[in-house]
Structures are given as C-alpha cells and as structure tokens.
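The values are calculated or read from the model by the stated rules, or taken from the named source; none is laboratory data. Because the structure is predicted, anything quoted here is derived from the model rather than measured. Please note: Cβ atoms are built from the backbone with ideal geometry, for glycine as well, and neighbour counts cover all protein chains shown.
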C-alpha cells in the first residue's frame, strides 16, 4: 500500500507532468484564465486519461502478442481520439448538465499530449516503476494493473493541480500592477518556472 | 503477417474513430451550451477555441 501511495504522490507532485517534463503546456496556458475553466478541463482530462490508459494498457498486450509494438503511438492516438468522441457523445446524451460544465473541453483533450504521455508510459510498468525506484509490491499482472491505474490517476490529477493553482494565480495577477511587457503569458511563465522549482526541488526526497 | 496485423489494427481503430465521430455529430448539443472558452494563447487557427482566428482573417483582408 505504501508503494501505491508513493507512486500516486510522485506522479502528482515530484514528477508533475507540467512542471518536470513538461507536457500539456498548451492547454495549461490556454485554459487557466479562470478557476471555473481550469476545474472543468481538469476533471475532463482526468476522466479521459484514466479511461484511455486502461484501453491502451490492454491494447498493448495485443500489440506485443502480434509483435507490432512499433504501431503503439499511432494506435494510442486513435484510441485517445475515439475515447474523446464516445465520452463526448455519452455525456451529451445522458447528462446535459455535465456537458454544459465540461463537455466543451473534451475536444481540447484529443490533442493534449498529457494523455498520450500517460498511455505511452503505462505500457511498460516494470520500466516505469524501476525508473521511480519503486517495485510492484502487489505482484503479478493484477499488481501491474493497479499501479498503472494509480499512475494514470496521479499524473492526471497532477495536471489538474498545476492547472488549478495557475488559474488562481492568473486571476490574482489580472488585478496586479504588472508592466505591459510582462503581462499575460510572460508573467504566467515566470510563475510557472517558480512553481516548477518548488515542485521539483522542494518536494523531492519526501516521497 | 505482422504487416497485415498492423494494417488491420489501424483499420479497426480508424473505423471505430470514424463511427464515434459520426455518431457524436448526430447527437445534438444540449440547449444553453456555448463554445465559449476564451483562449488566445497559441496561433493554431485550426483550433475552434482560438479567438485569434478572427484577427488573423481581418489582417489578411486589410492587406
């Protein structure tokens, strides 16, 4: 259980997908103007990322069986795009209120590299856990699956956390007396750099 | 054999995507939904949320 918790915290904080890699910076900068849009994007991305990573994890078993692992990137892109289409369709049909709050962010997720990154990472759990100095303490395929799930949830929540914090900062910065040349994305990127230092250097060693 | 499997799996996934896209297009958007995310952060004019698209078109017309 401790290893599971450590993996969750590492994926969310010290190996945060926006601050340490960085991936998903386009939507991180674009959808962080308000807290409301950040929350919507975060939830939508978390849901799609977890679903897509489960499908890609299982699909990869098939690709390995047929000796066509080199097709993984193309196949995963198609899986992510399809998942987004079906999720959007189901939400439109069965939960219009949910669609109103987060459905409009779903097309943005198709091109978000965070989802593809998670899918590419979870296919080789031994390498992933080894790289983070963790082991599959549960054991076997079931253990791999649980760790895969935890990693994809942690990474997606890490993106959500980064996006939300940044949206709060940007809302505050809108009212701050910033020189014209620094306003907007410029000061945002400066804040991101400081947050990256906090996340990467300040939190490392805790987990 | 591997090539056939590779082409086959891509064809299947592409078909699933196309079916999903067409079905999604058929389902009407709920009332009261606007595509109103204001995003000005990149120059990707293909993106439907990019408000810069209108500015780019205006600049082209002026020239």
Wholly inside the stretch A:52-116, helices (runs of 4 or more DSSP H) that include 1 or more residues that are in contact with a helix residue (DSSP H, G or I) (Cβ under 9 Å, 6 or more places away or on another chain), free of Cβ contacts under 8 Å to residues at least 40 places away in the same chain and closer than 22 Å to residue A:22 by Cβ are A:72-94, A:106-110
The condition of being out of contact with any strand residue (DSSP E or B) (no Cβ under 8 Å at 6 or more places or on another chain) and farther than 20 Å from residue A:124 by Cα holds, among A:72, A:53, A:95, only for A:95
Residues of the stretch A:5-27 being in a helix (DSSP H, G or I), in contact with a helix residue (DSSP H, G or I) (Cβ under 7 Å, 6 or more places away or on another chain) and more than 9 Å from every other protein chain (Cβ to nearest Cβ), in sequence order, are A:7, A:8, A:11, A:12, A:13, A:14
Residue A:46 meets each of (1) within 10 Å of chain B (Cβ to nearest Cβ); (2) touching a helix residue (DSSP H, G or I) at 6+ places or on another chain (Cβ under 8 Å); (3) assigned to a helix (DSSP H, G or I) with one exception, condition (1)
Of the residues in the stretch A:82-98 that are at the interface with chain B (Cβ under 9 Å from one of its Cβ atoms) and crowded, with 22+ Cβ neighbours inside 10 Å, the one that is modelled with the lowest pLDDT is A:88
The correct count of residues that are more than 17 Å from residue A:98 (Cβ to Cβ) and within 10 Å of chain B (Cβ to nearest Cβ) in the stretch A:28-40 is 7
query: Within the stretch A:154-176, can one find any residue that is on the phi > 0 side of the Ramachandran plot and in a helix (DSSP H, G or I)?
result: no
